[in-house]
Amino acid sequence: MKFINQLPIENELSGCMNEVVDMNANVTPLYQNLWANLANVGLSDLTQLTIAAQKEFRNRGVNFLTKGANSYFLPVGTQEPVSIDPIPRILYHHDWEILKRGIKQRARVFNLFLHDLFAKRQTIVPEEVIRSSAFYKPEYTGWQDPDCIYVTIYGSDIVLIDRTEFIILEDNLANPAGSVYALAMRDLTKRYFPALLTNYDVLPLYEFAEALKTVHLDLCRNVENPLIVYVTRGPGGVDFYESIYLSQKTDFVLVDPEDLLIEGDGTIYLNTLDGSRKKVDLIYSHLSAYFRLTHELPKAVQTKKVRAVNLYSTFILSDKGIFPYVPEMIRHYLGQEPIIGQPKTFLLSDIKFRNHVFQNLNRFVIKRRHGWGGRNVLIGREASRKVVSDWLAQVEDNPIQFIAQEVVDFTRHVRLCEPHQTLQETASDLRVFAIMGRDTYVPTEILTRCARDNKGIVNVSSGGAIKDTWIVR
């Protein structure tokens, strides 16, 4: 253990660039005020405050799916309270502006690609990759939205290298969660850890829900008093807490799939508690493949009696096999070079790339194309021989379902180690959101996730914790 300006760091620094403490064990300029604030509070008191804040999360039902699938009701033990870490991630405002431009650029191409895909005229992604996607269903395609809007929410998983360059590791367009957790974490900071904010001018949050409402009302601009329903996966859904909050803030009606009735002509009605029915104008879907309505909605949408966004067919953009082609989408649709880079990513159906990856596993991460939550990931340099052998057998059995990404040595952060009342180095990433309609919004609700051990998996569903993220002026 070593002490840096009175505060103990328990584990040795990894050698990767650390955003908080530099290679000479000096606190970096952006974090010097925070380090002084931490010393003033004391790690003992900070630990007690964190325990109290974590208890509040549990009592408020801020949970996340940790095992199993997104069925309507889940057995006890499949959800746990979201873990928190009180030490914030801090970004300079000028870095945020670069990041925002890059996310907005990337977000703009996704609906353009889907428009061409559903019209069966896209030429960027090989047909073999499209048809082998777990999310591709030919019967779900065939309709053309009048505004070219099929998906309205995008979450990007981003890391920082050398404190100066952002890199996108994954695109998430299958109803990515996290914006409300960012809000909840900011609320905890203000009430439990206000002393940490001393000498910082932090941008406020509360943009996400307003942008969500604006985009979807615009899609119904030709309807007077439109009925927009937010179709949830129910109490067992990975994002049920988030669904309740957003439906309240947007005035979307939160409904179960069974609350909706589809008529033969494609008109959809909401069955209300008083026995009456109301015509639905727009469906904001948060359903997975496990629900019957998921497979009925595309046909109804094609009748043009109702509009819907975030249908299961749009999840193909979350397929990791599509990810390598996004830079070309940006060049094709926008005539621009990508503002934010991404790691070299290979489809393992190509035997040349597959052999190269197998021979250099310490340099690669292998992912199943439709995996989520940090699961179905092999970090070659961290895995045992037995695990590697099992993975390689799976890849050889069905190579088109796997991709490999070059390992990115991204910056580290620090977290509070509650049992020992010390600080520890941790891996962390950023989830930045975009709301996409005729206009694109990138709200300040950024979620920082950090690992709970010395490994590189930060996903909340795999045991990671969340941090407040400050954009400072």
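The values are calculated or read from the model by the stated rules, or taken from the named source; none is laboratory data. Note that the structure is a prediction, hence the values are computed from the model and not measured. Virtual Cβ from ideal backbone geometry, glycine too; neighbours counted across all protein chains shown.
With respect to (1) of a type in the set (Asp, Glu); (2) in the same structural domain as Ile90 (by TED's automatic domain parsing); (3) surrounded by fewer than 18 Cβ atoms within 10 Å (Cβ to Cβ), the lone exception for Asp350 is condition (2). Scanning segment 266-293 for residues that are farther than 20 Å from Cys220 by Cα and out of contact with any strand residue (DSSP E or B) (no Cβ under 8 Å at 6 or more places or on another chain) gives Leu273, Asp274, Gly275, Ser276, Ser288, Ala289, Tyr290, Phe291, Arg292. Right, Ser179: buried (at least 18 other Cβ atoms within 10 Å of the Cβ), of a type in the set (Gly, Ala, Ser) and more than 23 Å from Tyr245 (Cα to Cα) or not? Criteria not met by Ser179. Using the structure shown, decide if Glu139 is surrounded by fewer than 15 Cβ atoms within 10 Å (Cβ to Cβ) and either at pLDDT below 95 or within 30 Å of Gln48 (Cβ to Cβ) (or both). Spelling it out, Glu139 is indeed surrounded by fewer than 15 Cβ atoms within 10 Å (Cβ to Cβ) and either at pLDDT below 95 or within 30 Å of Gln48 (Cβ to Cβ) (or both).
Rundown of residues vs (1) out of contact with any Ser or Thr (no Cβ under 7 Å at 6 or more places or on another chain); (2) free of Cβ contacts under 8 Å to residues at least 40 places away in the same chain, yes/no style:
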{"residue": "Glu170", "(1), (2)": "yes, no"}
{"residue": "Leu173", "(1), (2)": "no, no"}
{"residue": "Asp187", "(1), (2)": "yes, yes"}
{"residue": "Val202", "(1), (2)": "yes, no"}
{"residue": "Lys213", "(1), (2)": "no, yes"}
{"residue": "Leu219", "(1), (2)": "yes, no"}
{"residue": "Val223", "(1), (2)": "yes, no"}
{"residue": "Thr232", "(1), (2)": "no, no"}
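Scanning segment 216-237 for residues that are out of contact with any helix residue (DSSP H, G or I) (no Cβ under 7 Å at 6 or more places or on another chain), surrounded by 22 or more Cβ atoms within 10 Å (Cβ to Cβ) and of a type in the set (Val, Ile, Thr) returns a single hit, Val229. Just one of the numbered conditions (1) touching a strand residue (DSSP E or B) at 6+ places or on another chain (Cβ under 6 Å); (2) modelled with pLDDT under 95 is not true of Leu361: (1). Among the residues of segment 17-44, those identified as over 20 Å from Asn199 (Cα atoms) and loosely packed, with under 13 Cβ neighbours inside 10 Å are Met23, Asn24, Ser44. Enumerate the pairs (first residue in segment 109-134 and under 12 Å from Asp319 (Cα atoms) and at pLDDT 95 or above; second residue anywhere and buried (at least 17 other Cβ atoms within 10 Å of the Cβ) and of a type in the set (Asp, Glu)) with beta-carbon separation below 6 Å, excluding pairs fewer than 6 apart on the same chain, so at least 6 apart or on different chains. Close Cβ pairs satisfying both conditions: Ser133/Asp319. For segment 418-441, filtered to residues that are of a type in the set (Asp, Glu) and closer than 30 Å to Ser44 by Cβ, the residue that is surrounded by the most Cβ atoms within 10 Å (Cβ to Cβ) is Asp429. Select, from Val253, Val326, the only residue that is touching a residue at least 24 places away in the same chain (Cβ under 8 Å) and crowded, with 18+ Cβ neighbours inside 10 Å. One residue alone meets the criteria, Val326. In segment 368-375 there is no residue that is assigned to a helix (DSSP H, G or I) and in contact (Cβ under 8 Å) with a residue 24 or more places away in the chain.
Thr141 - would you say it is more than 20 Å from Leu430 (Cβ to Cβ) and polar (S, T, N, Q)? Judged against the criteria, Thr141 is a match. Looking across Val223, Val202, Val238, Val229, one residue alone is modelled with pLDDT under 95, aliphatic (A, V, I, L, M) and not assigned by TED's automatic domain parsing to the domain that holds His370. It is Val238.
Return the residues of segment 344-383 that are under 22 Å from the mean Cα position of the chain (by Cα), of a type outside the set (A, V, I, L, M, F, W, C) and over 17 Å from Pro324 (Cβ atoms); say none if nothing qualifies. If the condition is that a residue be under 22 Å from the mean Cα position of the chain (by Cα), of a type outside the set (A, V, I, L, M, F, W, C) and over 17 Å from Pro324 (Cβ atoms), then Gly373, Gly374, Arg375, Asn376 are the ones that fit.
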